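Student: Got a structure for you, questions after.
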């Protein structure tokens, strides 16, 4: 069976609290190590992760940075003021226009556009010039994560790197913090821009594997890696349509070199290498053809036989119940968002809470770039759930697409998350797929 094995961490981190902001002076239990970096036990870091409402303008400024990562840095909040960091006079002026209530149009390719403005009643906004933009932050975080692949630092057990959305520091989670690793890290980034979270009990988990689906196919169903299923299984994500042609969105590591994938009834999916998947074995996330950015772990397959419904399965692993898709969630996921997952191995699991965004992490197959982390208690997702839908339900029982399952961790040996060893979900935000791929979620 094909497996996608990672060393992953879960952090209730990067919390939505400015009182802490994770600045060195505010970490009462953090201590400066002999190597010049601030460190904190991962358990204490998790315990400090308070939650609160996300300021509307912070969420909008974050989306602005995702839309134009070469022009804007990820936003900060200083003394209750949302700080928008912009590179260059033109980018600054666009942000100032939005702060004054002007609606600005953004083009995304494939004929797609969106309009944004800041909420003038949500509180003060400050636009500041900055050379530290989102694309630079992502690249540096990935370089730090790549240290985890080097043989000389594998004993460190580097589990992931993210950029704190509140103070901008690089949060590096490791099993052991050594002088050699500190030296290599210092060559990439100044120590004052880093927080080392030390996890003394990391977990390694494998994932790569509802049944027997027939056309019209629904998301959350089993798909085979070859015509017989002997090479492993994954889960179909969201039905997707490109100029009226049916596709299915799932995980790139389920189809790292493109080519054919199958439903058990014999219907086939074809994934075009690089132009429709962004995972290379040994490298990890790679740009889609013609782009330079790194957008999670995605594959978009075109149906060559059969067709897609505009629904996904809900309920357990043997469920034959499906529900319609209302549409794609209108923004990127933020800390505190509530989610459900649908996998062919574990069925529907709800109660997930987003705990971290923009995560870069090393796997045994490369670096996964810009994914979202969520945690839960109860049963964890398992092998075979990769590629499945991540979603939110509305008051009418319909679902809104939020993302694609990439990996799992936590839950201990029994795969059941508790208070001190929660289940962990890593997924690619649906907005990344919409931004870089043609078409959109197929909806009712």
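The values are calculated or read from the model by the stated rules, or taken from the named source; none is laboratory data. As the structure is a computational prediction, the values presented were derived from the model and not from experiment. Cβ atoms come from the backbone with ideal geometry, glycine included; neighbour counts cover every protein chain shown.
Student: So residue 374 fits all but one of (1) on the phi < 0 side of the Ramachandran plot; (2) surrounded by fewer than 22 Cβ atoms within 10 Å (Cβ to Cβ); what number is the exception?
Tutor: (2)
Student: Just the residues that are within 14 Å of residue 219 (Cα to Cα) and either under 17 Å from the mean Cα position of the chain (by Cα) or at pLDDT 90 or above (or both), please, taken from segment 393-408.
Tutor: Across segment 393-408, the qualifying residues are 399, 400, 401, 402, 403, 404, 405.
Student: Within segment 195-202, can one find any residue that is more than 22 Å from residue 410 (Cβ to Cβ) and not assigned by TED's automatic domain parsing to the domain that holds residue 426?
Tutor: Looking through segment 195-202, none of the residues is more than 22 Å from residue 410 (Cβ to Cβ) and not assigned by TED's automatic domain parsing to the domain that holds residue 426.
Student: Taking segment 66-81 on its own, how many of its residues are outside any loop (DSSP other than H, G, I, E, B) and either more than 18 Å from residue 122 (Cβ to Cβ) or modelled with pLDDT of 95 or more (or both)?
Tutor: 3
Student: Which is surrounded by 19 or more Cβ atoms within 10 Å (Cβ to Cβ), at pLDDT 95 or above and assigned to a loop (DSSP other than H, G, I, E, B), of 297, 293, 213?
Tutor: After applying the criteria, what remains is 297.
Student: Regarding residue 419, is this residue at pLDDT below 95 and either crowded, with 24+ Cβ neighbours inside 10 Å or touching a strand residue (DSSP E or B) at 6+ places or on another chain (Cβ under 6 Å) (or both)?
Tutor: It is false that residue 419 is at pLDDT below 95 and either crowded, with 24+ Cβ neighbours inside 10 Å or touching a strand residue (DSSP E or B) at 6+ places or on another chain (Cβ under 6 Å) (or both).
Student: Check segment 192-202 and report whether any residue there is modelled with pLDDT under 80, out of contact with any strand residue (DSSP E or B) (no Cβ under 8 Å at 6 or more places or on another chain) and closer than 23 Å to residue 318 by Cα.
Tutor: No, there is no match, as no residue in segment 192-202 is modelled with pLDDT under 80, out of contact with any strand residue (DSSP E or B) (no Cβ under 8 Å at 6 or more places or on another chain) and closer than 23 Å to residue 318 by Cα.
Student: Considering each residue of segment 82-110, count those that are surrounded by 14 or more Cβ atoms within 10 Å (Cβ to Cβ) and in a strand (DSSP E or B), and give that number.
Tutor: So the answer is 7.
Student: Continuing with this model, one more query. So, in segment 331-360, how many residues would count as being at pLDDT below 95, at positive phi and more than 11 Å from the chain's Cα centre (by Cα)?
Tutor: Qualifying residue count, segment 331-360: 1.
Student: Can you spot a residue in segment 388-404 that is outside any loop (DSSP other than H, G, I, E, B) and under 17 Å from residue 159 (Cβ atoms)?
Tutor: no
Student: Given the criterion outside the structural domain of residue 355 (by TED's automatic domain parsing), modelled with pLDDT of 90 or more and buried (at least 16 other Cβ atoms within 10 Å of the Cβ), identify the matching residue among 172, 163.
Tutor: After applying the criteria, what remains is 172.
Student: Answer yes or no as to whether residue 411 is crowded, with 24+ Cβ neighbours inside 10 Å and modelled with pLDDT of 95 or more.
Tutor: Considered against the rule, which asks whether it is crowded, with 24+ Cβ neighbours inside 10 Å and modelled with pLDDT of 95 or more, residue 411 comes out as no.
Student: Modelled with pLDDT of 85 or more and assigned to a helix (DSSP H, G or I): which single residue out of 138, 131 fits that description?
Tutor: Only one candidate qualifies: 138.
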